[in-house]
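The values are calculated or read from the model by the stated rules, or taken from the named source; none is laboratory data. For clarity, every value in this text was computed on a predicted model and none was experimentally measured. Cβ coordinates were reconstructed from backbone atoms using ideal geometry, including for glycine residues, and neighbour counts include every protein chain displayed.
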Amino acid sequence: MTLTDTHTHLYLDAFDDDRNEVVQNAIDKGIKYMLLPNIDSTSRKGMLKLCKQFPDNCFPMMGLHPTSVKENYKEELALVEKELETGKYIAVGEIGMDLYWDKTFQKEQKEAFQQQIRLALKHDLPIAIHQRDSYEEIMEAMEEMDTSGLTGVFHCFTGTREQAGKIIGMGFFLGIGGVLTFKNSKLEQVIKGIDLKHIILETDSPFLAPVPYRGKRNESTYVRLVANKLAEVKEMDVEEVAEQTTINAKKIFNF
Ligand SMILES: [Zn+2]
């Protein structure tokens, strides 16, 4: 069985003591592919180092995360632009808007998001969208632009059936992670009616660990727990879930 963790921050300091073991353990357990979204200029080096160590398994994205959009965002965006010109990246990510923690830079977040969409279109790359308390704002930002030909994922999707339908209609995929395993998660009912061909799996490590590790450090190996839960919800074999979601991930990210 081959699984793909389409969103994992294995380069963060939560893994400083055992990073290589964590990655090797995931590979040994069938998580063959781990896709690494960037955060900002401080995370790039560690991310690229890990991808260099595991060139058949770890693949980098390049982007400026919305919670890192601050006073210096123009410098940060210039670096993203330069990296996309010179480096090899599978996507522009993670990008988007986060109005949960702080609305101070809402205007700048939108500008950074739209600018990075333009970069994705220029380089013919998919995007990995971070959306938190900002579904309407994300949609509005995208509707203002000509995004034809653009694809990607709404990472950590936890929205409604209507929102899922709209995202799929745009040619985007739903990134499903540990939240699906949480007790009383409404996501289960939403996902039940959605064709597997629109879904990819993720952990968002080290955050959002699935049950029974909820609240602890998440790692890519646990994407298997998300796959198990999805198989249960959709009444399918976990092998089929693993295979189809990996096919979907390859289709989007072309790794
Ligand atoms: Zn993330």
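For this structure, a couple of remarks:
- First in the stretch 33-55 and more than 27 Å from residue 243 (Cα to Cα), second anywhere and within 16 Å of the ligand (Cβ to nearest atom) and small (Gly, Ala, Ser), Cβ under 6 Å, 6 or more apart: 39/68; 40/68
- Residue in the stretch 98-105 that is within 16 Å of the ligand (Cβ to nearest atom), in a strand (DSSP E or B) and either surrounded by 13 or more Cβ atoms within 10 Å (Cβ to Cβ) or at pLDDT 95 or above (or both) present: yes
- Of all the criteria given as (1) within 14 Å of the chain's Cα centre (by Cα); (2) crowded, with 21+ Cβ neighbours inside 10 Å; (3) not aliphatic (A, V, I, L, M), the one not satisfied by residue 222 is (1).
- The number of residues in the stretch 3-40 being over 14 Å from residue 200 (Cβ atoms), within 16 Å of the ligand (Cβ to nearest atom) and buried (at least 16 other Cβ atoms within 10 Å of the Cβ) comes to 10.
- Residue match in the stretch 95-117 (condition: in contact with a helix residue (DSSP H, G or I) (Cβ under 8 Å, 6 or more places away or on another chain), hydroxyl-bearing (Ser, Thr, Tyr) and touching a residue at least 24 places away in the same chain (Cβ under 8 Å)): no
- Filter pass, residue 47 being modelled with pLDDT of 95 or more, within 12 Å of the ligand (Cβ to nearest atom) and more than 14 Å from the chain's Cα centre (by Cα): yes
- Look at (1) closer than 17 Å to residue 61 by Cα; (2) in contact with a strand residue (DSSP E or B) (Cβ under 8 Å, 6 or more places away or on another chain); (3) not hydrophobic (A, V, I, L, M, F, W, C) and you find that residue 134 fails only one, number (1).
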